[in-house]
Amino acid sequence: MNLEGTVDYVAEDLQEATRWLLNSPQRVLEEILDGANTEARFVLGIDGLSRSGKSTIVSEIEEWLKGKGVTHQIFHIDDHIVERKARYDTGHEEWFEYYSLQWDRKRLREEFFMKLKEGCVDVRLPFYDGELDTVTERQVRLPDKGLIIVEGVFLQREEWREAFDGILFLDCPRERRLLRESEETQLKLEKFRNRYWKAEEYYLDTVRPIKRADWVIPT
């Protein structure tokens, strides 16, 4: 599989990018479905920085898959973060808290990502409740065939990358992503600078996700 990502198409907006992804002949989903129709599952990561359009595209892909009758399951990595006390006011720099402490990376690797790779059908995952700031353990049953999509930020970090059969990266400029936030959130520039943008820069500089992805779509 080619791990050198290339920009194949520049969309005017997220809706156009989604239409291109779903309708372009011999493109991403056709390749994915070839894998999904074999005797093994195909694990697809949809990577991208915050507000790059991951959830929107995943939602439309899911509708397309349902229409095709394709067995699939979708995971959002932000459903599996840790409680606030483990990722805020820890004594570390804010960007490090976001990049390295937001998830229990080792546990997710051992109990989720590696089990995806190994073909396991049962996993036990932590699910975060944002209103209660609590984590609850749940048993999840996975299909042994079909398409499994994991959507989220920083998916190509060293601990997780090898679990995927393919990675789609959504590439969106910081300025555009900021405009997709609420007006109130856009005013919190200090938090963006100290917590989010530094972590994103670290990811882009050290992991080089655009170069490593199998498919890249500007959004």
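The values are calculated or read from the model by the stated rules, or taken from the named source; none is laboratory data. Here the structure is a predicted model, which means the values were calculated and not measured. Cβ: placed from backbone, ideal geometry, glycine included. Neighbour counts: every protein chain shown. Accessible surface is based on the protein model in full, side chains and every heavy atom, while ligands, DNA and RNA are left aside. Shrake-Rupley method; radii C 1.70, N 1.55, O 1.52, S 1.80 Å.
The set of residues in region 68-84 that are exposed (fewer than 14 other Cβ atoms within 10 Å of the Cβ) and more than 18 Å from residue 191 (Cβ to Cβ) comprises 68, 69. Within region 135-149, residues that are under 12 Å from residue 123 (Cα atoms) reach partners that are polar (S, T, N, Q) and assigned to a loop (DSSP other than H, G, I, E, B) with beta carbons closer than 8 Å, at six or more positions or on different chains, in the pairs 143/71. Of everything in region 92-132, what is farther than 19 Å from residue 163 by Cα, open to solvent by less than 70 Å² (accessible area, probe 1.4 Å) and free of Cβ contacts under 8 Å to residues at least 60 places away in the same chain? Give them in sequence order. Residues satisfying the conditions are 101, 102, 127, 128, 129, 130. Considering region 39-67, the residues that are among the basic types (Lys, Arg) and not in a helix (DSSP H, G or I) include one that is surrounded by the fewest Cβ atoms within 10 Å (Cβ to Cβ), namely 51. Within the set 90, 134, the sole residue that is at pLDDT 95 or above, touching a helix residue (DSSP H, G or I) at 6+ places or on another chain (Cβ under 6 Å) and more than 20 Å from residue 43 (Cβ to Cβ) turns out to be 90.
Screening region 133-219 for strands (runs of 3 or more DSSP E) wholly inside it with 1 or more residues that are closer than 20 Å to residue 87 by Cα and open to solvent by 60 Å² or more (accessible area, probe 1.4 Å) returns the ranges 134-141.
Take region 72-97 and flag every residue that is hydrophobic (A, V, I, L, M, F, W, C), farther than 18 Å from residue 157 by Cα and in a helix (DSSP H, G or I).
Pass one, region 72-97, residues hydrophobic (A, V, I, L, M, F, W, C): 74-75, 77, 81-82, 86, 95-96.
Applying the additional criterion that residues be farther than 18 Å from residue 157 by Cα yields 74, 86.
Answer for region 72-97, where residues must be hydrophobic (A, V, I, L, M, F, W, C), farther than 18 Å from residue 157 by Cα and in a helix (DSSP H, G or I): just 86.
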